[in-house]
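Notes follow once the structure below has been shown.
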Amino acid sequence: MLVAACLLCPATLSAADAGEIARTVCAACHGLDGNSPDPAHPKIAGMDQEYLMRQLKAFADGKRRDETMSGVIVSLDPAVFAGLAAYYGPQKPKPGQVKDPQLAAKGRAVYEDGNTDTGVPACAGCHQSDGKGNARFPRLAGQHQAYTLKQLADYKSGRRATDPLMTTVGKRLSTDEAKALAEYIAGL
Amino acid sequence: MLSRCLPFMLLATLGCTVALASPPPEAWNAPYPEKTAALAAKGDPARGASAFEICQGCHRAGALGRPDGSYPRLAGQHATVLIKQLADVRSGRRSNEKMLPFADHQALTVQDIADIAAYLQALPVPPTQGQGPGTDLVQGRQLFERDCGVCHGQRGEGKGEQFFPRVSGQHYRYLLREGRLIRDGQRRNVHPEMAAAIARYTDEELDAVSDHMARLPVGGR
């Protein structure tokens, strides 16, 4: 289906084309409004557009790899990246759901205070207390637990190498801390 | 030794011949290109506030540090001191494994260092720093006034132009931690007179002088 979608891609792409690609290609995983219904795929609604652009380029350059996304990205003309970011960035993010409040409380402690013994910085330092991020650091609030966990694991393993600071953080976080953070972030 | 002296010989012909006899006193703060560039760059506090975001996860909002001494207060510190310490950490002249990834070349540019230092120097210093037990303040004051005040200032305000840090407003536990490292020869980028001043301090004396410093009024600059 993805290949078929790309065969339709024209050589030059307008904003309308980007919207069409978003609806026919991206929405299968990320949802029409960027609020992915599947916890394996990230919600991207409301994310900073420059951040979205950087990630698309990182997938295209191979600095970020993912079983699904790495396959999709090669079917896209890089000229459409800005249009895709402009499509999803302004979408309204939907809240996530905390399933284990006790775990979330542990996550809050790490999110707000870090771990001074292991040198984990507070997530809030960059991503803000409300998890909404800014132009430099991505929005985390409301993200699916499974997706957050996978990213932290991918930073740790080096599979995701888009940010050396997050590689350091991923390596310093314990598995329990990562789980707790993912739970807390879902509720932000 | 000679290679460390060469830059001085080029710059100041007299200074080095004296220094060759004993470790050059300048070695603790010898120039190297990146530090020199950061010191020469004009720091912008507004840009520094943004660049500092990657630091505040540990040093906290407002750069107030933590009373448990795990991360020092940086607010109100002299920009020169901050630049030297940051440049020393990332060039390996000061060991700090926790901080290194957040200070290395992937994390910060030279301009970022200058901007962050300008931002931090101008931050307010509230009197909320962590203090010690307060059991030996008389001795702490005597030691400080005898051994420390001449460089750090009797009010602990430091001397920015000489790279001597402000110690007032700093957390007691951080002062104690670094005091021990300096006394025990583990802070390699320290002024030799600083190391000599406390070389014979007992743990109790270090404790007393740290407690005194952490209680100095924070208004002094």
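The values are calculated or read from the model by the stated rules, or taken from the named source; none is laboratory data. From a predicted model like this one, the values you see are computed outputs, not experimental measurements. Here Cβ is always computed from backbone atoms with ideal geometry, including for glycine, and neighbour counts include all displayed protein chains.
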Output for Cβ contacts, cut-off 6 Å, separation at least six or different chains, first residue at the interface with another protein chain (Cβ under 8 Å from one of its Cβ atoms) in segment A:115-128, second modelled with pLDDT under 95 and assigned to a helix (DSSP H, G or I), reads none
Does B:Arg73 meet the test of being within 23 Å of B:Phe163 (Cα to Cα), touching an Asp or Glu at 6+ places or on another chain (Cβ under 6 Å) and away from chain A (no Cβ under 13 Å)?
no
Considering segment A:100-135 alone, what residues qualify as being in contact with a helix residue (DSSP H, G or I) (Cβ under 7 Å, 6 or more places away or on another chain) and among the charged types (D, E, K, R)?
A:Asp100, A:Lys106, A:Arg108, A:Glu112
Among (1) outside the structural domain of B:Glu205 (by TED's automatic domain parsing); (2) under 21 Å from B:Tyr201 (Cβ atoms) - the single one B:Gly149 does not satisfy
(1)
Condition check: among the charged types (D, E, K, R), surrounded by fewer than 16 Cβ atoms within 10 Å (Cβ to Cβ), within 14 Å of chain B (Cβ to nearest Cβ) and within 20 Å of A:Met47 (Cα to Cα). Does A:Asp163 satisfy that?
no
Looking at segment A:69-77, is at least one residue more than 21 Å from A:Ala146 (Cβ to Cβ), hydrophobic (A, V, I, L, M, F, W, C) and part of a loop (DSSP other than H, G, I, E, B)?
yes
What residue, among those in segment B:51-70 that are assigned to a helix (DSSP H, G or I) and either acidic (Asp, Glu) or without any contact (Cβ under 8 Å) to a residue 24 or more places away in the chain (or both), is nearest to the other protein chains (Cβ to nearest Cβ)?
B:Gly57
Helices (runs of 4 or more DSSP H) wholly in segment B:77-123 with at least 1 residues that are away from every other protein chain (no Cβ under 14 Å) - which ones?
B:79-90, B:110-121
Here the residues within segment B:132-142 that are surrounded by fewer than 15 Cβ atoms within 10 Å (Cβ to Cβ) and not in a helix (DSSP H, G or I) are B:Pro133, B:Gly134, B:Thr135
Among residues of segment A:131-145 being within 14 Å of chain B (Cβ to nearest Cβ) and closer than 12 Å to A:Pro95 by Cα, the residue surrounded by the most Cβ atoms within 10 Å (Cβ to Cβ) is A:Leu140
